[in-house]
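Note sheet for the following structure.
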Amino acid sequence: MNIEEFTQKLETEFEEVEPGTLTPDTHYKSIKGWSSMHALIIIAFVDAQFDTILNGGDLKSASTIRDLYNIVIEKTK
Amino acid sequence: MLILEQYGVRLVRIQEKDIELIRYWRNQSDIANHMEYRTHITEDAQKKWFQTINNKYNYYFIIEFENKQVGLINVKNYDPSKGFGEGGIFIWDKEYIHSFAAVFASLCLLNFMLVKLNICKVSRIRILRDNERAIHYNKMLGYKLVPDQEEVQNQLYELHIDDYLICGAKLNKAAAILSEKGSELKYSGNICAENIKEINDLLI
């Protein structure tokens, strides 16, 4: 899965985000209505798609969707 | 006394000793502004309110997270023929507004009231239509706006157990991954007249 697919699929996980709104450089915590619920959705998404576990530290250290993607790719190596 | 625990949150059913703490936070403008009832709550009014909810039809819990009391969560107006009326939550400790306290508390209470008790199929909440954050939050749990509520100021949302079992499954899995504390739902407390029979049966 490349970064564009990752972004697109993640976007579909968030109920209220309009399609095409997110880009790899979106600061994901600035998503409208951001809450800890979104963080859980990200963890569930990565677990389901990559069989990889993101932890709280991973989420804290990532600012953009690209950062998240890079962490996931690093963990799956 | 009734205590629910999961994912590192403890939900402790409120007692009369807690109501002044709740009143203090409920009267703060940044919390009251998200509520339908915004009038300043007096000490006397708070005591009267407690008398109306300290029974088997209403369940209000202090949310404890990281050994701090950070908010309040509730389900209210239980009706044996219809199930629970409406639920609500607010986090008063600003340090914890963006923490996992709220979502873990929501999952813990839904897992107990909707899944474990298994006495009703629907959870209901009301959200002010301009509270976008709360709307996003609850839609991700699986709540859906009830038909004909679009123009209502304090809109009614419903979560059907089938939707929760889908949305909740991935959220509960993620919570279990994230939580360093146990992911098993635990409950404890005393058998008492302020619990419905189904809860007392679990406490035997």
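Read-outs throughout are calculated quantities, based only on the coordinates presented, and are distinct from any laboratory measurement. Just so it is clear, the structure is predicted and the values come from calculations on it, not from any experiment. In this analysis, Cβ positions are derived from the backbone assuming ideal geometry, glycine residues included, and neighbour counts consider all displayed protein chains.
With r as the distance between the Cβ atoms of residue A:9 and residue A:53 and R0 = 22 Å, compute the FRET efficiency 1/(1 + (r/R0)^6) and round to 0.05. Intermediate results must be reported in sequence, preceding the final value.
Values: r = 18 Å, r/R0 = 0.81.
It comes to 0.80.
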So if I place +1 on the C-beta of Lys and Arg and -1 on the C-beta of Asp and Glu, and nothing else carries charge, what would the dipole magnitude of chain B be about its Cα centre? I want it in debye, nearest 20. 240
Shielding by partners for B:136-143, please: the mean number of other protein chain Cβ atoms within 10 Å of each residue's Cβ. 5
Averaged over its residues, how many other protein chain Cβ atoms are within 10 Å of peptide B:172-181's Cβ atoms? 5
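From the Cα gyration tensor of chain B, with a ≥ b ≥ c the square roots of its eigenvalues, which class applies: rounded if a/c is under 1.5, or else prolate if a/b is larger than b/c, or else oblate?
Working: a/c = 1.19, a/b = 1.04, b/c = 1.14.
Rounded shape, in that the Cα axes give a/c under 1.5.
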For residue A:9, give me every one of the lysines with a C-alpha distance below 20 angstrom, ignoring sequence neighbours fewer than eight places off in its own chain. A:29, A:32, A:75, B:139, B:170, B:173
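Report the net charge of residues surrounding residue B:5, where surrounding means a beta-carbon distance below 13 angstrom and charges are Lys +1, Arg +1, Asp -1, Glu -1.
Details: positive: B:10, B:13, B:116, B:181, B:186; negative: B:64, B:184.
Its environment carries a net charge of +3.
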As I understand it, the dipole of the protein assembly as shown uses +1 on the Cβ of Lys and Arg and -1 on the Cβ of Asp and Glu, about the Cα centre. Which of B:100, A:39, A:19 lies farthest toward its positive end? B:100
How big is the gap, in Å, between the Cα center of the stretch B:119-136 and the Cα center of the stretch A:38-77? 28
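From the cross-link list B:17/B:94; B:17/B:197; B:56/B:116, which pairs have alpha carbons spaced over 20 Å apart?
Details: B:17/B:94 23 Å; B:17/B:197 25 Å; B:56/B:116 17 Å.
Violating the 20 Å limit, Cα to Cα: B:17/B:94; B:17/B:197.
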So what is the relative contact order for chain B, in percent, with contacts set as C-alpha pairs under 8 Å and at least six apart? 25
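Check every DSSP H run in chain B and write down those whose alpha carbon atoms cover 15 angstrom or more along the long axis and whose mean Kyte-Doolittle hydropathy is -1.0 or greater.
On the way: long enough: B:43-53 (16 Å, -1.30); B:161-178 (24 Å, 0.81).
Helices passing the filter in chain B: B:161-178.
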Normalised contact order of the stretch B:1-52, rounded percent, pairs of Cα under 8 Å and 6 or more residues apart: 29
Explain nothing, just compute: Karplus ³J(HN,Hα) = 6.51 cos²θ - 1.76 cosθ + 1.60, θ = phi - 60°, for every residue of the stretch B:58-70 in order, whole Hz, x for Gly and Pro. 9, 9, 10, 10, 6, 8, 9, 9, 6, 6, 10, 7, 10
